[in-house]
Amino acid sequence: PPDVEDLGRATWTFLHTTAAYYPDKPTVTQRASMLSLLRSLPTLYPCGHCASHLGENMKEHPPRVGSRSELSKWLCERHNDVNVRLGKEKFDCAKVDERWKDGPPD
Ligand code: FAD
């Protein structure tokens, strides 16, 4: 089976980076594609208990795909929900662009 930690880091990198470059004003098609990407995870993510936690969490917090900033914040909050559940530190969601898009200020 996949290493749950490596898989998690790779998946968060993919998801946060994709959110960071999602459009400010996504088209109907882009919104629908993002929704199906996110909604497929509880079915397909190859860590069963992770997938089922995510599915329950997404019922309480439906994906927000209306804009880049909205999606980035929503995803940061979902990742923080996992962080808390695993006893890890919460990430400051004000810094999500610095981490996943712009890099540190110089
Ligand atoms: P990660 O949590 O993988 O984070 C990678 C990097 O992202 C961090 O170094 C930091 O720079 C940045 N980051 C951290 N928090 C945030 C945030 N809130 N927003 C933006 N950036 C952030 N593991 C389990 O053991 N049990 C589970 O149930 C479980 N469920 C998961 C569900 C999903 C959908 C995913 C994608 C992963 C899940 N994982 C789970 C894996 C877990 O979240 C971590 O990926 C893994 O434990 C490795 O953690 P890490 O400390 O290296 O950093």
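Just so you know, all these numbers are worked out from the coordinates, no wet-lab data involved. All values reported here derive from a predicted model rather than from experimental measurement. Glycine gets a Cβ as well: all are built from the backbone with ideal geometry, and neighbour counts include every protein chain shown.
Structure data summary
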item: For Lys25, Lys101, order by how many other beta-carbon atoms lie within 10 Å, fewest first; result: Lys25, Lys101
item: Ranked list, fewest to most other Cβ atoms within 10 Å of each Cβ, for Met58, Met34; result: Met58, Met34
item: Principal axis dimensions, the chain - Cα atoms, whole angstrom, descending; result: 36, 36, 24
item: Cα centroid of region 29-106 to Cα centroid of region 1-25, whole Å; result: 8 Å
item: Span-rule helices in the chain, defined as complete DSSP H runs reaching 15 Å or more along the axis (Cα) with Kyte mean at least -0.5; result: 4-20, 28-44
